[in-house]
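J.: Can you keep this structure in mind? I'll have questions shortly.
The values are calculated or read from the model by the stated rules, or taken from the named source; none is laboratory data. Please read these numbers as outputs of a predicted model, since none were measured by experiment. Cβ sites come from the backbone with ideal geometry, for glycine too, and all protein chains shown count toward neighbours. Protein only, heavy atoms only, side chains kept; ligands, DNA and RNA dropped before computing areas. Shrake-Rupley method; radii C 1.70, N 1.55, O 1.52, S 1.80 Å.
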Amino acid sequence: KAVQAFLTLATNGFYDGLHTGPPCSTWSAVRWVPGGPPPLRSRDRPWGMEGLSMKDRTTVGLHSVLMRNSLQLFRAVARSGGTTTMEHPADRGRAPFASIWDTALWKCMKKETSAAEATFPQCMKGAPSKKMTTLGYVRAHIPKYFGGIECCHSKHDKVLVGLDPVTGHFRSRGAQAYPPQMCEDLAKSHLEAWESRP
């Protein structure tokens, strides 16, 4: 009901802009690294691998629903003339790594909304790890703030592989929050697009 309410408002042009970031933990490339959590998706089975436990199937299903809901809202806001951005880890571009950006669902959405993509390392926005990230967007001034950025660091303060000895959680969990500079630049990319509208 909540998603349908948002969709109705978005379709009627109630929102000037939207940013969404569907959960990435079930898509994470770290799941294919020794010592990481077990893989749940693969490039040829992006909606869930065979043989998953009931718990893992439930988690994968929930994350897939949240992605689809995000894309429905992305489409609705884009069609009504608003700015849209969606964030997710960059596509590794090869098997066995699954990626939202490689799904037919995103590719159709990209074509339908004339969306574009920008990939950049979050370390250049203040993150302690490199974390290559992609933004899908419509109308937002993303190229100004995120286009053509490359990592210039010889090393990073944090790595995302293995367990954190203090918390016991996988280190990749610590990279889920955006660095402040990324948040600020995302906001500017929307605000400047709004200010340039007729």
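J.: Collect the residues in the range 170-186 that are over 14 Å from the mean Cα position of the chain (by Cα), open to solvent by less than 80 Å² (accessible area, probe 1.4 Å) and at pLDDT below 70, keeping them in residue-number order.
T.: Across the range 170-186, the qualifying residues are Phe170, Ser172, Gly174.
J.: Checking His19 against (1) in contact with a Gly (Cβ under 6 Å, 6 or more places away or on another chain); (2) buried (at least 16 other Cβ atoms within 10 Å of the Cβ); (3) at pLDDT 95 or above, which single condition isn't satisfied?
T.: So His19 meets the others, but not (1).
J.: Mind listing just one residue for me: the one in the range 30-45 that is open to solvent by less than 60 Å² (accessible area, probe 1.4 Å), modelled with pLDDT under 95 and part of a loop (DSSP other than H, G, I, E, B) and, of those, nearest to Asp102 (Cα to Cα)?
T.: It comes out as Val33.
J.: Shifting gears a bit: Residues being under 15 Å from the mean Cα position of the chain (by Cα) and of a type in the set (A, V, I, L, M, F, W, C): count how many of those fall in the range 36-90.
T.: 8
J.: Quick one: how many residues across the range 46-91 are closer than 22 Å to Phe146 by Cα, open to solvent by less than 10 Å² (accessible area, probe 1.4 Å) and either of a type in the set (Phe, Trp, Tyr) or assigned to a helix (DSSP H, G or I) (or both)?
T.: Number satisfying all stated conditions: 4.
J.: Can I ask one more? Output the residues belonging to the range 92-117 that are outside any loop (DSSP other than H, G, I, E, B), without any contact (Cβ under 8 Å) to a residue 24 or more places away in the chain and under 19 Å from Arg41 (Cα atoms).
T.: Across the range 92-117, the qualifying residues are Ala104, Lys107.
J.: While we're looking at this one, here's another question. Against the condition hydrophobic (A, V, I, L, M, F, W, C) and within 20 Å of Leu7 (Cβ to Cβ), how does Ala90 come out, does it pass?
T.: no
J.: Continuing with the same structure: Hey, any hits in the range 109-125 for a residue that's touching a strand residue (DSSP E or B) at 6+ places or on another chain (Cβ under 9 Å), more than 27 Å from Pro180 (Cβ to Cβ), small (Gly, Ala, Ser) and open to solvent by 50 Å² or more (accessible area, probe 1.4 Å)?
T.: yes
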